[in-house]
Amino acid sequence: MTIPQRVKLVEVGPRDGLQNESAPVSTEDKINLIEGLIHAGVSYIEAGSFVNPRSVPQMADSDQVFAGLTSSPGLTLAALTPNLKGFQRAMQAGVTEVAVFASASEGFSEKNINCTIAESLARFEPVMQAANDRGVAVRGYISCVVGCPYDGEVAPQQVDTVSRALFDMGCYEVSLGDTIGVGTAGHFKRLLDFLLRQSSADKFAVHCHDTYGQALANICTSLEYGIATVDASVAGLGGCPYALNATGNVASEDVVYMLEGMGISTGIDLDRLIGVGQSISELLGKPTNSNVGRARSTS
């Protein structure tokens, strides 16, 4: 397999990152964050989530966030829509691409969304039908693809079963999430060896957390299998509330720096991206989780 010459970075900071922040972030600050990312050349941004506001208060203003943004050719502003009501709200807000979220672990599914994997997939069926009727693209996420805080190690067969279900429903891409960051290059090799027996690399993305400092190594391994879409979060925003000391998503700055060093194009201006990471970190009153951001701020 040839390493991709170009990689699409899916920026999840405004949704997956901010939703875990306990301090409220204003609608204006969310819009400024997203506009900064656009200005840095990021072409795919998960800008919000249409979930029950009581469950995720930080995302309660997603409709206002989308109302304050202007789309343009080549730019995708997506939202998470876990059920039909959320999908309908997203459509009213003018969202053009949505995502659904399942788990490869029964334990995590029960704890996180209070239902079995099969029940979660059944909930997506009306969303997928409505999206198909409207010509809206749907991206799928699978959490806990190598390990779960409740069930331990997760077998590739379980991930394969869930990914096939999402593809069969109509997801154009499935993002493989190492939600608690326990995966190593060996885990990802075994996982991708299994998944790519019958599915092509262009159908998958990777979503790595850096809890154990393995995210970049896992991304490199995935590149070797032809994976050309990588989820990341500016300043390493976000974390998993179910993993002790989880440091959260791999930082977008670190991913772009690594890819540039490998001669892989992203279309992103690294210096501007670092500036966006520093700004949101200052706003949140905490240091950036990006190694590149820290290095550049002290050099």
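We did not get these values from a lab; they are worked out from the coordinates using the rules stated. None of the values given here were measured: they were computed from a predicted structure. For neighbour counting, all protein chains shown are included, and Cβ atoms are generated from backbone atoms with ideal geometry for every residue, glycine included.
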*Under a point-charge model restricted to the Cβ atoms of Lys and Arg (+1) and Asp and Glu (-1), what is the dipole moment magnitude of the range 137-199 relative to its Cα centre, in debye to the nearest 20?*
140 debye
*Among the lysines, which have Cα under 29 Å from the Cα of Lys8 when same-chain residues fewer than 8 positions away are ignored?*
Lys30, Lys189, Lys203, Lys286
*Given the Cα-Cα distance of Ala122 and Tyr172 and 0.36 nm per residue of separation, how much length would full extension add, in nm?*
16.2 nm
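I need the trypsin sites (Lys or Arg not before Pro) found in the range 1-85, filtered to DSSP loop residues with at most 14 other beta carbons within 10 Å of theirs.
Values: sites: Arg6, Lys8, Arg15, Lys30, Arg54, Lys85; in loops: Arg54.
Loop-located and lightly packed - Arg54.
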*Provide the percentage of antiparallel DSSP beta bridges, counting only those with both residues in the chain; round to the nearest 5.*
10 percent
*For the range 8-298, divide the Cα radius of gyration by the Kirkwood radius and give the resulting Rg/Rh value with two decimals.*
0.93
*Residue by residue through the range 26-31, which ³J(HN,Hα) values in whole Hz follow from phi under the Karplus form 6.51 cos²θ - 1.76 cosθ + 1.60 (θ = phi - 60°), with glycine and proline marked x?*
5, 4, 4, 5, 5, 5
*Using only C-alpha atoms and all pairs of different ones, pull out the Kirkwood radius for the range 56-201 in Å with one decimal.*
16.1 Å
*For Thr161 and Ala67, what is the calculated FRET efficiency with R₀ set at 45 Å and r taken between the beta-carbons, to the nearest 0.05?*
0.70
*asked:* Just to be sure I understand the model, the point goes 7 Å from the Cα along the line to the Cβ. What's the resulting Ile3 to Asn291 distance in nm?
replied: 1.6 nm
*Other-chain or far-sequence residues with amide H under 5 Å of Gly248's (modelled H)*: Asp210, Thr211, Cys240
_Cα→Cβ-extended label distance, 7 Å offset, between Asp193 and Asn20, nm_ = 3.0 nm
*Run through the DSSP bridge list for the range 122-270 and note the antiparallel percent, rounded to the nearest 5.*
20 percent
*In the neighborhood of Asp178, defined by Cβ-to-Cβ distances under 11 Å, what is the net charge if each Lys or Arg adds +1 and each Asp or Glu adds -1?*
-2
*Solution diffusion estimate, µm²/s, Stokes-Einstein, the range 154-277, Kirkwood Rh from C-alpha pairs, 25 °C, viscosity 0.890 mPa s*: 164 µm²/s
*State, to one decimal in nm, how far the label point of Gln88 lies from the label point of Asn132, with both points 7 Å from Cα in the Cβ direction.*
2.0 nm
*asked:* Please report the net charge: other residues with Cβ closer than 11 Å to the Cβ of Val98, K and R +1, D and E -1.
replied: +1
*Using Cα centres only, tell me the gap between the range 93-138 and the range 14-68 in whole Å.*
20 Å
